[in-house]
Amino acid sequence: MSLQVSGGEISSVASGSLGEELGVRPGDRLLSINGHRLRDVIDCHFYGAEEYLELRLRRGDEEMTIEARREYSQELGLNFVQPIFDAVRRCTNACEFCFIAQLPSGLRPSLYIRDDDYRLSFLTGSFITLTNILKADWERLAKQRLSPLYVSVHATDPPLRRRIFGREVPDIRQQLRRLGEMGIHIHAQVVLIPDLNDGEHLKRTVFELAELYPTVESVAIVPVGLTKYHRGRFRTHTPAEAQGLLAQFATWQQRYRQRWGVGFVYPADEWYLLAGEPVPLAGAYDGFPQLENGVGLVRELVDDWEDLRGSLEASRSAAFRGSRLTLVCGTLIAPLLRGIAGQLSALTGVGVEVIPVVNHFFGPAVTVSGLLMGRDVVSALRGRDLGDTLVLPRAMFDASGERTLDDWTPGRLSEQLGVPVWHAGNLRELVERVYS
């Protein structure tokens, strides 16, 4: 009898793996392992760890069963087109500050998907709210111990949390305790909104999350991002407010570092840039548990540059002296990047100009490089002398590196601006490409 499940389409099979040995091919669809239907790659890894395996596959219109004995530590070696085989769990909250809800029409359809799926949190580090966890989900979490998870808390006070999420929601403290009892660890975030969840509310949130340490391993404090399409009552923080908050965060970090040896509370990089304060040294980030959340990326950039600068000072290569590059970035990071670019020019002889681009599409309050639009780059740079090459931040583009949020490609940008266009994820990548 055919299984009435879609399973997961295999994109590739690792060389030397059990999957290759069994003749599994790209394009096959893995339906079940040992009779367990597969909802995602997590199920594949979980049930595929047994010693004896019965794989149910669909190849074209044919279904087949393959039996095998797996040696200890032997991997199935199957990669899938998508990590989730069934429907991605969508967000059902009504947060006024939700960035996706602030997007105008006309962008790629995928940008409007508001996922709130605990499986993606485990697999990719995306933040979830735990407001849509069902009984079956709790049972699966207990069985498979999906840890760590990344949770948007915003506030621990139940009435305030209901106000923030725009509906009735579970008590987050009880949910986090329950996850802790399962052995699941949490990295939490608070998106901080002036006059809503700051002040005494923030203090309560941090202190109550600290009571759950080490289940809650870290708490990132992130400033709210508002586009010009936001129609709510909220505002962003001022530089003076950012300075005051950093002082408060430092006090809390000192307390927790003395108690546990870690800072526990970690401000996003934007606070330091907004306040005009230097970012902490790497040791203050305790292994960078929330790097993908913008906590420590600037420190990583600075340290990478310091290491790279040492190499450049030792080599003193003059291979590209006289060439000129233009680096594009958002307005927030521009002062720091200009200082580094000046040092790079002095060491290499390559002329490097940093041009911050104002985000007119989302509004000037959106200052990060990763949300720059191709149309704003073209508008800001058309007619300017851009030197030999234009270098854009890698974060502007999708996973393939081919399209901005408004569907501009590097090739199209190059045609419009009359100069070769690269993108680079960091300064090391930039220098390596210049000297390749």
Which of ILE33, GLY106, THR65 sits farthest toward the positive end of the charge dipole of the stretch 1-125, with +1 on the Cβ of Lys and Arg and -1 on the Cβ of Asp and Glu? GLY106
Charge dipole magnitude, Cβ of K and R +1, D and E -1 - the stretch 100-292, Cα centre, debye nearest 20: 480
With Kirkwood radius over Cα pairs in Å defined as stated, name the option among [x] 24.5; [y] 22.1; [z] 23.0 computed from the structure displayed. [x]
If we count every other residue with Cβ under 11 angstrom of GLN82's Cβ, Lys/Arg +1 and Asp/Glu -1, where does the sum land? -3
Can you put ILE66, ILE42 in order, fewest other beta carbons within 10 Å first? ILE66, ILE42
For LYS228, counting only aspartates and glutamates whose alpha-carbon sits under 18 Å away and dropping same-chain residues fewer than eight positions off, the answer is GLU96, ASP376, ASP406
In debye to the nearest 20, how big a dipole does the stretch 7-58 give about its Cα centre with +1 on each Lys and Arg Cβ and -1 on each Asp and Glu Cβ? 280
Dipole magnitude (debye, nearest 20) for the chain, charges at Cβ of Lys, Arg, Asp, Glu: 1040
Would you calculate a helix-derived [θ] at 222 nm for the chain, using -39,500 (n - 2.57) for each DSSP H run of n ≥ 4 and dividing by the full residue count, to the nearest 500? -10000 deg cm²/dmol
So, with points 7 Å from each Cα along the Cβ direction, the ARG338-GLU353 label distance in nm works out to 1.3
Efficiency of FRET from Cβ geometry, ASP385 and ARG412, R₀ 30 Å, rounded to 0.05: 0.90
Tell me, what HN-Hα J-couplings in whole Hz come from the Karplus equation 6.51 cos²θ - 1.76 cosθ + 1.60 at θ = phi - 60° for each residue of the stretch 198-210, using x for Gly and Pro? 9, x, 5, 5, 5, 4, 4, 4, 5, 5, 6, 5, 5
For the peptides 326-333, 126-133, what is the packing order when you average, over each peptide's residues, the other Cβ atoms within 10 Å and list the highest mean first? 326-333, 126-133
Which ³J(HN,Hα) values in Hz, rounded to whole numbers, follow from the phi angles of the stretch 51-68 under the Karplus curve 6.51 cos²θ - 1.76 cosθ + 1.60, where θ = phi - 60° and Gly and Pro get x? 6, 9, 10, 10, 9, 9, 10, 10, 10, x, 9, 9, 9, 9, 10, 10, 9, 7
For a label point 7 angstrom out from the Cα of GLU71 toward its Cβ, which stretches of the stretch 36-58 have the backbone nitrogen within less than 12 Å? none
Long-range HN-HN contacts of TYR266 with modeled amide H, under 5 Å: VAL219, ALA220, ILE221
What does the charge count around ILE221 come to, taking other residues whose C-beta lies under 13 Å from its C-beta (Lys +1, Arg +1, Asp -1, Glu -1)? -3
Between GLU306 and GLN243, take the C-beta separation as r, use R0 = 30 Å, and let me know the FRET efficiency to the nearest 0.05. 0.70
Which of rounded, prolate or oblate describes the stretch 8-80 when judged by the alpha-carbon gyration tensor and an a/c cut-off of 1.5? rounded
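Computed from the coordinates by the stated procedures, all read-outs in this text should not be read as laboratory data. A quick note: this is a predicted structure, and the numbers were derived from the prediction, not measured. All Cβ positions, even for glycine, are placed from backbone atoms using ideal geometry, and neighbour counts span all protein chains on display.
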